[in-house]
Each structure stands twice: as C-alpha cells, then as structure tokens.
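See below for the structure under consideration.
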Amino acid sequence: GENVEQHPSTLSVQEGDSAVIKCTYSDSASNYFPWYKQELGKRPQLIIDIRSNVGEKKDQRIAVTLNKTAKHFSLHITETQPEDSAVYFCAASTTNSGYALNFGKGTSLLVTP
Amino acid sequence: GAVVSQHPSRVICKSGTSVKIECRSLDFQATTMFWYRQFPKQSLMLMATSNEGSKATYEQGVEKDKFLINHASLTLSTLTVTSAHPEDSSFYICSARNRIGTSGGAGAKNIQYFGAGTRLSVL
C-alpha cells in the first residue's frame with residue numbers, strides 16, 4: 001500500500017519567515033495530493049491540493065510543488081503569521097482507491113512573534 | 001458550503017457497550033465517506049471506506065465485525081463500535097467526498113471534507 005513520509009515532525013519559525021514541509025510517497029499511481037491544517041481539537045481543513053498533472057500550485061501565501069519523478073511534494077508557507085501555528089498533514093491518494101487518503105505523520109508548526 | 005456534521009462529539013461508555021457515530025454531509029451528496037482514527041498527537045489512520053449502497057472496504061488490520069459501517073444514503077454513514085473496550089478509546093473522524101461540484105474552491109468535486117470528530121472514552 002501507499003506509504004507517505006513527512007518531515008520535519010516539528011518546525012519552529014519566526015513570524016515573517018518561510019516554512020517548508022516535505023513529503024514523499026511510494027505508490028506511483030497516486031495522483032492527488034492534498035494538504036490539511038489541523039488546529040488543536042478541531043477538524044482537518046484543506047488548505048491546498050495538487051493533482052499529478054501539474055507541478056506547482058499557489059494560493060496567496062501557500063504553495064505546493066510536486067515532483068512526480070522523485071515522488072515527493074512540498075508545502076511552502078511564506079510570510080508566516082502566528083495563526084499559521086497548527087499541525088499540517090500531507091496526504092496522497094489515487095482515483096482507484098476512491099480518493100482514500102494516506103496521511104503523513106504530521107508537522108507541528110509553531111510561528112513565534 | 002461543504003459541511004460535514006459528525007455526532008456525537010464525545011462519548012463516554014462502559015466496557016462492553018456499543019457506540020454509534022453518525023457522519024452526515026449537510027449540503028452535498030457523498031457517495032463515498034471515509035472513517036479515520038486518530039491517536040493523540042498522531043496522524044489520521046484510514047480505517048475504512050464507506051460506499052453508499054454497498055459494503056464498506058476495510059483497511060488491513062481493522063476488524064469488520066468490530067467496526068460496523070453502514071452507508072444507507074448519499075448523505076449519511078454510520079460507524080458502530082461494537083462491544084467497546086478501553087483499547088478502542090480514540091478520536092474517530094469521518095470525511096465525505098463531494099460527488100458533484102464545481103472545480104476548485106470550496107465544494108469542489110472529489111475533495112474530502114472532514115467532520116469535527118468523536119472522542120470515544122471506554123471505561
């Protein structure tokens with residue numbers, strides 16, 4: 001089955017700096033890669049996603065890049081703010097699995113003022 | 001739009017009892033819903049895929065008779081933890097995949113939206 005590795009497990013940055021979280025996946029059939037943000041005690045919220053037919057997608061301060069050959073994808077947050085502090089999960093899925101998500105272990109991001 | 005409601009939010013029960021958790025998509029149709037389990041400070045582990053009108057597909061290591069899933073309509077899936085024991089205590093969270101929708105943005109097709117989760121404590 002699919003195995004998603006996520007690094008780092010914790011990340012601390014100063015407000016205004018950039019944060020990068022990296023994930024690798026094992027199943028070459030995976031074609032959908034969402035990123036979720038989960039604040040303490042709350043549900044995961046989709047923040048950005050990318051499909052295998054594109055290499056990069058950007059939404060304001062958030063961007064995701066995908067390298068299909070190397071089977072890795074990354075989340076980039078620029079100009080970080082304290083409210084960006086949360087746990088971020090990457091995931092991979094395939095159309096064949098009905099888009100069942102295989103999650104990475106998560107990255108706890110702390111943005112200090 | 002794209003709201004998923006999950007109830008109850010918290011359950012405390014005695015060992016041996018069964019607990020039913022409901023997952024509803026409020027404003028979209030979901031032919032597929034997913035059930036995950038999350039341990040404290042850990043990731044979400046897929047337990048099963050719930051398909052409307054058919055049997056659920058369980059992940060390896062998940063007991064079908066222990067975690068009963070029913071997906072009787074396009075907006076409702078239920079997970080029943082049968083004869084719950086303390087080791088079943090966990091955070092259970094569902095998600096629903098939007099079958100129909102516009103591309104991109106909230107309510108987009110095939111994106112999964114999560115419920116708020118159910119904290120199960122078995123004494």
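The values are calculated or read from the model by the stated rules, or taken from the named source; none is laboratory data. Predicted model only: the values in this text are computed from it and were never measured. No Cβ is skipped: glycine too gets one built from the backbone with ideal geometry, and neighbour counts run over all protein chains shown. Side chains are part of the model used for accessible areas, which takes the heavy atoms of the whole protein and leaves out ligands, DNA and RNA. Shrake-Rupley method; radii C 1.70, N 1.55, O 1.52, S 1.80 Å.
See the values below:
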| read-out | value |
| --- | --- |
| Subset of segment A:46-71 (residues that are buried (at least 16 other Cβ atoms within 10 Å of the Cβ) and under 13 Å from the mean Cα position of the chain (by Cα)) | A:LEU46, A:ILE47, A:ILE48, A:ASP49, A:ILE50, A:ILE62, A:ALA63, A:VAL64, A:THR65, A:LEU66 |
| Single residue of segment A:69-96 satisfying the filter (over 18 Å from A:PRO44 (Cβ atoms) and without any contact (Cβ under 8 Å) to a residue 60 or more places away in the chain) that is farthest from the other protein chains (Cβ to nearest Cβ) | A:THR69 |
| Number of positions in segment A:12-45 that are open to solvent by less than 40 Å² (accessible area, probe 1.4 Å) and among the hydrophobic types (A, V, I, L, M, F, W, C) | 6 |
| Contacts under 8 angstrom Cβ, first residue in segment B:42-64 being at the interface with another protein chain (Cβ under 8 Å from one of its Cβ atoms) and polar (S, T, N, Q), partner open to solvent by 70 Å² or more (accessible area, probe 1.4 Å) and part of a loop (DSSP other than H, G, I, E, B), 6 or more apart | B:GLN42/A:LYS105; B:SER43/A:LYS105; B:GLN60/A:GLY1 |
| B:ILE111 vs. criteria modelled with pLDDT of 95 or more and either touching a Leu at 6+ places or on another chain (Cβ under 9 Å) or within 14 Å of chain A (Cβ to nearest Cβ) (or both) | no |
| Single residue of A:ASP17, A:ASP49, A:ASP59, A:ASP27 found to be charged (D, E, K, R) and farther than 23 Å from B:ARG97 by Cα | A:ASP17 |
